[in-house]
Amino acid sequence: MTEETAADPEPRWLNGEERAAWLANSAIMISLPAALDARMQRETELTFFEYMVLSVLSEEPDRTLRMSDLAARTAASLSRLSHVAGRLEKRGLLTRARVPGSGRRTAATLTAAGYDVVVAAAPGHVAAVRALLVDVLEPHELATLRRIGTAVEAAVRREQQAPGVAARGRGGPG
C-alpha cells in the first residue's frame, strides 16, 4: 500500500469493487451500533456504550481498569469515557479513584450494583449480536470478518500513533 502525500496530483479513487466494499462496511459501522444501542435502551436502562464500559470492567479479575486502558478497550476517547463514567458513577454502577503515583491517572471500578446490571443486560446483548451479526454469517465469513477487523484496527492504531495525529484531530471527510 502506498501512502498519499501532498505532492500526489490525483487521489487514488476507489474502483467499483472497492467502493462497494467501503459502502457495505460503512453501513455496518453506522447501522449496527445504532441498532444495538436502540435495542439495549429498549431492554435496559443502558446505552450500548455504557454496556460496553460495564462489560469490559466485569471481565477484569478485580473489576478495575485505568481509564486510559478502558478507553482503549472500548475504542473511545478519554473525554467521551470520562463523561459516560461520570453518569455511571452517579447511578452507582462504577466508582473512579485516582491511581497513586505521578501523573493524572484514574481507575474505574465496577460496583456490585454495576455488575448486577451488566449481568442482567448480557443475555439481551448477546441475542442482539447473534441476530444482527453472528447468525447471519457463515463460519468462514466470521473468520474473515475477524481477520478484517484485526487488520483495520491495527491500521487505525498505527494512524493514531503517527507523529502529528493529535494535532490533526480525528475529523475530516470520510
Helix 112-132 versus the longest principal axis of the chain: what angle, 0 to 90°, nearest 10, using Cα atoms? 30 degrees
Taking the radius of gyration and the Kirkwood hydrodynamic radius from Cα positions alone, what is the Rg/Rh ratio for the chain, to two decimal places? 1.02
Dipole magnitude (debye, nearest 20) for region 35-121, charges at Cβ of Lys, Arg, Asp, Glu: 420 debye
Taking the Cβ of each residue in E17, E89, E10, E45 as the centre, tally the other Cβ atoms inside 10 Å and list the residues starting with the fewest. E10, E17, E45, E89
Given points 7 Å out from each Cα along the Cα-Cβ axis, report the I28 to I148 separation in nanometres with one decimal. 0.3 nm
Let me know the charge dipole size of the chain about its Cα centre in debye, to the nearest 20, where only the beta-carbon of Lys, Arg (+1) and Asp, Glu (-1) is charged. 820 debye
Top positive-direction residue, dipole computed over the chain with Cβ charges, set M67, A127, A35: M67
Can you give me the angle between helix 16-43 and the longest principal axis of the chain, using Cα atoms only, in degrees from 0 to 90, rounded to the nearest 10? 10 degrees
A chain fully extended from S58 to A38 at 0.36 nm per residue, minus the present Cα-Cα distance, gains in nm 5.0 nm
When every alpha-carbon pair in region 115-163 is counted, what percent end up more than 16 Å apart? 61 percent
Output the relative contact order of region 35-121, whole-number percent, from Cα pairs under 8 angstrom with separation of 6+ residues. 30 percent
Going from the fewest other Cβ atoms within 10 Å to the most, one would list H83, H140, H125 as H140, H83, H125
What length, rounded to one decimal in nm, is gained on full extension from A127 through to S68, with 0.36 nm per residue of separation minus their alpha-carbon distance? 18.3 nm
Contact order normalised by residue count of the chain, Cα under 8 Å, 6+ apart, percent: 17 percent
Between R157 and E138, with labels modelled 7 Å along Cα→Cβ, what's the label distance in nm to one decimal, could you check? 3.1 nm
Using a Gaussian network model of the chain whose springs link C-alpha atoms within less than 10 Å, name the residue from E60, E43, E18 with the highest mean-square fluctuation. E18
Helix 78-90 against the longest principal axis of the chain: what's the angle in degrees, Cα atoms only, rounded to the nearest 10? 30 degrees
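Values in this text are rule-based calculations from the coordinates and carry no lab data. All values derive from a computational prediction rather than experimental measurement. Positions of Cβ are generated from backbone atoms using ideal geometry, with glycine treated the same way; all protein chains shown enter the neighbour counts.
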